[in-house]
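Written out below as structure tokens is the structure these notes cover.
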Amino acid sequence: MLDAGYPVNVHAVHDRPALLFMRGELTADDQSSIAIVGSRHPTPEGVAHARRLSTELSESGHVIASGLATGIDAAAHMAALDSGARTLAVIGTGVDRVYPAAHAALQRTIAARGAVVSCFWPDQRPTRQSFPIRNGLMSGLTLATVIVEASPTSGTRVQARRALAHGRPVFLAPGLVSQQWARELAERPNVHVTDDAGEIAATIERQQASRPLTDG
């Protein structure tokens with residue numbers, strides 16, 4: 001936490017971890033990162049939606065962060081890479097581990113062209129508790145969280161709660177509000193229902209102009 005390279009965004013939240021581990025390198029551009037997260041078992045429409053948002057937000061100058069999981073996370077990472085942009089993987093294991101194993105090549109590519117970030121010791125295996133902790137770190141690292149598809153039991157709901165506690169906006173894809181949990185979440189302050197990349201970027205810009213990040 002006392003290192004000059006500790007991420008500014010994470011330093012601004014009250015529950016920042018004392019230690020972070022990385023493969024790759026964080027840059028000043030990563031302060032503009034946005035998390036795109038969602039289901040491990042998405043519909044084809046959800047995958048297309050995640051890819052479109054990732055591409056459009058990357059083209060508007062934002063760095064895309066996600067959790068390296070199957071489904072929406074992988075789609076967001078790969079779309080950013082395909083557009084020649086940086087992407088950040090915030091993982092629920094140590095940086096010497098890969099989960100899921102099928103994403104070993106993707107994790108190496110992200111480390112080479114962006115950064116893989118963890119708050120766990122490098123050899124930490126995945127556990128049931130590690131992924132909610134990962135979601136909290138991803139919220140702290142990013143300016144906002146965009147949820148594309150998610151079920152009532154999805155870990156993205158943990159990230160939404162942490163993002164709101166961090167004072168960061170949450171964006172819900174309109175299709176989510178067919179679910180009770182999403183309708184209830186949408187009624188909370190700083191939650192927006194939109195899948196328009198321009199509107200997402202503009203909302204974040206307005207919030208940063210009126211309430212810049214400060215130490216938690």
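What follows is calculated from the coordinates using simple rules that are stated; it is not laboratory data. Keep in mind it's a predicted model, so treat the numbers as computed, not measured. Backbone-built Cβ (ideal geometry, glycine too); neighbour counts: all protein chains shown.
Of note:
- Residues MET22, MET1, MET78, MET138, ranked from the fewest to the most other C-beta atoms within 10 Å, line up as MET1, MET22, MET78, MET138.
- With bins 10 Å wide beginning at 0, the percent of Cα pairs of the chain falling in each bin runs 9, 39, 39, 12, 0.
- Distance from the stretch 40-100 to the stretch 144-216 (C-alpha centre basis), Å: 17 Å
- Antiparallel beta bridges, as assigned by DSSP with both residues in the chain, represent about 20 percent of the total such bridges.
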